[in-house]
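Reviewing the structure listed below.
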Amino acid sequence: MTKIRLMIVDDHEVVRLGMRAAFELESDIQIVGEASNGGEAVAKISVLDPQVILMDVQMEKMDGIEACREIKSRYPHIQVLMITSFTNEEAVMASIVAGASGYLLKNVSRSELLKAIRHIASGQSLLDPQQAQQVMSRMTAGNISTPGEDLTEREREVLALVARGYTNKQIAEALYVSEKTARNHVSHILEKLGLSRRSEAAAFAVEHKLVPPQKHSSDDH
């Protein structure tokens with residue numbers, strides 16, 4: 001029997017241990033390795049040679065979506081299954097665009113997770129049942145979300161400043177708000193975009209042209 005070579009990528013050790021326990025008794029699945037973030041996963045692939053990667057969406061250093069994009073560009077034959085603790089439609093869309101074969105919530109049952117792994121290992125695509133109908137209908141209709149469309153006008157201003165390298169204190173000064181308010185705006189932006197780091201938000205803003213040409217202050221970076 002040819003076993004499915006599986007790699008687990010999650011920044012929480014307890015989660016990785018739990019997933020490993022879910023797969024170790026399966027005769028058709030071989031866990032070839034683990035990684036705690038996307039960057040580590042990308043670096044280990046050439047040695048571990050996984051067939052399927054179970055990838056957390058939100059991680060430090062390099063998130064799952066960015067890692068998926070990098071992996072699929074280098075190793076298009078590898079199937080990536082995104083898994084997350086929360087429902088985020090924009091993250092689902094970003095995962096699909098990045099080349100993921102599926103997207104599941106972490107509260108799925110063990111049997112559902114095993115079925116998903118085997119499903120994508122055979123080369124088929126999979127979406128979480130809660131997301132599939134809406135996402136697929138939008139893609140079929142060509143009505144794909146504009147990146148960052150659910151950000152408020154103020155959040156777009158904050159994102160533009162993040163992209164220019166502003167700290168929370170500098171954002172607060174530029175927009176005449178408290179530093180706590182600026183920090184909260186940044187947190188909300190990361191949550192809405194399905195990202196975990198300011199640098200990722202900055203890259204997202206530049207990539208999707210969300211940084212307006214005008215400057216907010218004379219000392220703009």
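Structure above, values below:
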{"read-out": "Net length gained if the chain between Thr181 and Val108 were fully extended (0.36 nm per residue, minus Cα distance)", "value": "22.7 nm"}
{"read-out": "Burial ranking of peptide ranges 75-85, 200-210, 61-71 (average Cβ count within 10 Å, highest at the top)", "value": "61-71, 75-85, 200-210"}
{"read-out": "Theoretical FRET efficiency, 1/(1+(r/R0)^6), r = Cβ-Cβ of Ala21 and Glu60, R0 25 Å, to 0.05", "value": "0.55"}
{"read-out": "Overall Cα dimensions of segment 1-84, principal axis frame, Å, largest first", "value": "33, 28, 20"}
{"read-out": "Approximate spin-label separation His77-Ser125, in nm, with each point projected 7 Å along Cα-to-Cβ", "value": "2.2 nm"}
{"read-out": "Segment 49-62 - phi-based ³J(HN,Hα) in whole Hz, Karplus 6.51/-1.76/1.60, Gly and Pro as x", "value": "6, x, 8, 10, 10, 8, 10, 5, 6, 9, 8, 6, 6, 8"}
{"read-out": "30 Å Cα-Cα threshold exceeded, pairs from Lys3/Lys72; Lys115/Lys209; Lys169/Lys209; Lys44/Lys169", "value": "Lys115/Lys209; Lys44/Lys169"}
{"read-out": "Using a Förster distance of 25 Å, the FRET efficiency for Ser85-Glu153 (Cβ separation, nearest 0.05)", "value": "0.30"}
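Here, each number is a calculation from the coordinates, and none is a lab measurement. Computed from a predicted structure; not experimentally measured. Don't worry about glycine lacking a Cβ; one is built from the backbone with ideal geometry, like all the others, and counts go over all protein chains shown.
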